[in-house]
1. For H64, which sequence-distant residues (separation of 5 or more, or a different chain) have an amide H within less than 5 Å of its own amide H, given hydrogens modelled in the peptide plane?
2. Could you work out the helix-only [θ] at 222 nm for the chain, with each DSSP H run of four or more residues adding -39,500 (n - 2.57) and the total divided by the number of residues, to the nearest 500 deg cm²/dmol?
3. Whole-Hz Karplus ³J(HN,Hα) for the range 22-32, in order, using 6.51 cos²θ - 1.76 cosθ + 1.60 and θ = phi - 60°, x for Gly and Pro?
4. Return the long-range amide H neighbours of G96 (sequence gap of 5 or more, or a different chain), with a cut-off of under 5 Å between placed amide H atoms.
5. Sequence-distant or interchain residues sharing an amide H contact under 5 Å with W43, placed H: which?
6. Accessible area per residue for the range 1-146 in Å², computed with a 1.4 Å probe and the full protein assembly in place, what is it?
7. Take the eigenvalues of the Cα gyration tensor for the range 9-139, scale each by 5, and report the square roots as semi-axes in whole Å, largest first.
8. Net charge around M136, counting only other residues with Cβ within less than 14 Å of its Cβ (Lys, Arg = +1; Asp, Glu = -1)?
Amino acid sequence: MSIVEDAVRDLVARLAQVALVVAPPVLRIALAVPFFKSGLTKWDGFLSLSPAASYLFEDEFKLHIFGHAYDFPFPAVFAYFDGLAEIVLPVLLILGLATRFSALALLVMTGVIQLVVPEGWANFHLPWAALAVALMALGPGKLSLDHLAALLCRPRVSRGGGQ
């Protein structure tokens with residue numbers, strides 16, 4: 001029976017090694033896509049916010065806190081930064097650059113979205129939050145610019161005795 005147990009342990013170890021390489025980029029893409037698609041709807045051109053995006057933050061989006069609905073403070077500023085973040089952060093995630101910070105920012109955005117659309121928690125916000133937390137915990141993975149930067153910035157260790 002130990003031959004079978006050893007084979008199963010070896011298979012599980014190999015699967016874990018493959019998953020550690022494959023999971024982070026898949027998580028990065030899964031979190032990036034919905035935010036990027038949303039971000040594309042917010043712009044009419046380079047740094048030109050669409051009137052629809054401004055309208056949403058001024059008239060439609062309300063913060064639902066403790067049973068009351070509140071207007072966004074500075075709706076034009078929120079609309080602009082939201083549109084910018086929904087483009088820049090997913091691009092950073094896809095590249096695997098500043099991955100943990102991008103995931104944290106999208107987690108915060110997800111929290112704000114939860115306050116705006118409270119009924120979306122099960123279908124959208126919970127999975128987005130889980131993806132963001134997983135990326136913050138696992139990091140960008142080996143297939144990322146973060147990993148490449150870490151390799152390039154690692155101090156060189158000389159091999160040899162003495163000076």
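The values are calculated or read from the model by the stated rules, or taken from the named source; none is laboratory data. Everything quoted here is computed from the prediction, not taken from an experiment. Every residue, glycine as well, gets a Cβ built from its backbone with ideal geometry; the counts of neighbours run over all protein chains shown. Accessible surface areas use protein heavy atoms only, side chains included; no ligands, DNA or RNA. Shrake-Rupley method; radii C 1.70, N 1.55, O 1.52, S 1.80 Å.
1. Result for H64 returns Y70, V116.
2. Roughly -21500 deg cm²/dmol at 222 nm, from the helical runs in the chain.
3. 3J(HN,Hα) across the range 22-32, in whole Hz: 7, 4, x, x, 5, 4, 4, 5, 4, 7, 5.
4. Under 5 Å from the amide H of G96 lie the amide H atoms of L145, each far enough along the sequence or on another chain.
5. Residues meeting the criterion, in which the H sits 1.01 Å from N, are S50.
6. With the other protein chains kept in place, the range 1-146 gives 61 Å² per residue.
7. So the three semi-axes of the range 9-139 are 32, 18, 10 Å.
8. +1
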